[in-house]
């Protein structure tokens, strides 16, 4: 029987070392679990059935950003927010930081990882075109270790060169003096892009001496072109020249027509994005560096059921759960009905809670992943009696109608104001708080966020769990 929003039963394990993880992947029918922001929705919709999941989040070998002999090595478990805000990546590869910042919303970026994203090889991935223009290499670990160019690693839609028992360990980029650009177009706040464009260029006296252009989202896999606009003075090149140069290159691209647009529409969008990427230098997000750790610190062997211990609003809750039990259901079954089950696809954000102080969509996290973690709902942000600053701001701004989405909005707002931008500036707010209000009361919600921001700054109010 099909049950929407519930994956089929599977074995879950949490190894303590990379060696142990590779052994489990080699011996069984399990697949690796990193951020899970694409994998878990596909499992819930029964598009994908897995026999087992090997949770990688305790493996420190897959974390960190390191500079080694002219290269920058990015651990596969670095989250999108970490890629977006890491100081080394912002300085050396601004187009990569910009692309990470444009991924979905704050909750997805808190958990999703760069290694998981490129291993998923979605044709509309933000990362793939950028990494192609930066001549990225992928370090793959299994029985041995090897490096592959990203363009060889990605074989097609959702298809890579990974074999059974192998993992993406690192993404490797060489430090070079390049001018980079990035642009995308999407319909809807946290949806996948219709088209993604990235470009990197080497310049001498303002003239392009070498370059690489890559376009994703319009075909089965991103396409790249070398020496685009070589010999042109970048400061003098006109829009018409850019469009004229891209036309013959796109003639050979097999454009996918789907519900998001036909061939003519997608090509038109892609051309406009090429102009934007060439003309505008990629800019990293204007926020402080963020670090996110999801380490549980407790080994679990493969099983369809586990005993978990989760700290919810300051109280430890313990119980046996199926591996497929979602965190949203674990919480609601224990009386935390302020956490709503909404779209079941990880889009609407009604199920948002804080885990270790960071906003996550609890429908996109298994309860066993929250083992030994601290979960907070709006009740946990209240100090004493009365309303807290978020509740007060939403009430005074008339920012709730039916109230179904309100809890999720308040929780992501807390993470946003606490960890991203306490001033709630337009350029950061639009990239972070993208929950869905089914009553479409967004004007009042934005007003409430700004009211909460003002109270935090003016009165020094802080109810956070950091």
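The values are calculated or read from the model by the stated rules, or taken from the named source; none is laboratory data. Predicted model only: the values in this text are computed from it and were never measured. Here the Cβ is made from the backbone with ideal geometry for all residues, glycine too, and neighbour counts use every protein chain on show.
Remarks
- Yes/no for residue 383 being outside the structural domain of residue 44 (by TED's automatic domain parsing) and modelled with pLDDT under 95: yes
- Just one of the listed residues (73, 66, 46) is touching a strand residue (DSSP E or B) at 6+ places or on another chain (Cβ under 9 Å) and exposed (fewer than 15 other Cβ atoms within 10 Å of the Cβ), namely 66.
- Only listed residue being over 18 Å from residue 48 (Cβ atoms), surrounded by 24 or more Cβ atoms within 10 Å (Cβ to Cβ), modelled with pLDDT of 95 or more and out of contact with any strand residue (DSSP E or B) (no Cβ under 9 Å at 6 or more places or on another chain), chosen from 84, 104, 98: 84
Results for (1) in contact (Cβ under 8 Å) with a residue 12 or more places away in the chain; (2) in the same structural domain as residue 177 (by TED's automatic domain parsing); (3) in contact with a helix residue (DSSP H, G or I) (Cβ under 7 Å, 6 or more places away or on another chain), shown as yes or no for each residue.
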site: 209; (1), (2), (3): yes, yes, no
site: 216; (1), (2), (3): yes, yes, yes
site: 226; (1), (2), (3): yes, yes, no
site: 235; (1), (2), (3): yes, yes, no
site: 242; (1), (2), (3): yes, yes, yes
site: 249; (1), (2), (3): yes, yes, no
site: 252; (1), (2), (3): no, yes, no
site: 258; (1), (2), (3): no, yes, no
site: 266; (1), (2), (3): yes, yes, no
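- Within region 409-426, the set of residues being free of Cβ contacts under 8 Å to residues at least 60 places away in the same chain and not in a helix (DSSP H, G or I) comprises 422, 423, 424.
- Residue, nearest to the chain's Cα centre (by Cα), within region 437-460, restricted to residues that are crowded, with 19+ Cβ neighbours inside 10 Å and either closer than 15 Å to residue 402 by Cα or at pLDDT below 95 (or both): 437
- Boolean, residue 288 is touching a residue at least 40 places away in the same chain (Cβ under 8 Å), farther than 14 Å from residue 214 by Cα and assigned to a helix (DSSP H, G or I): no
- 1 or more residues in contact with a strand residue (DSSP E or B) (Cβ under 8 Å, 6 or more places away or on another chain), closer than 30 Å to residue 422 by Cβ and touching a residue at least 40 places away in the same chain (Cβ under 8 Å): qualifying strands (runs of 3 or more DSSP E) within region 296-408: 305-312, 352-355, 358-361, 374-376
- 1 or more residues in contact (Cβ under 8 Å) with a residue 60 or more places away in the chain, over 23 Å from residue 55 (Cα atoms) and touching a strand residue (DSSP E or B) at 6+ places or on another chain (Cβ under 8 Å): qualifying helices (runs of 4 or more DSSP H) within region 111-199: 127-133, 150-153
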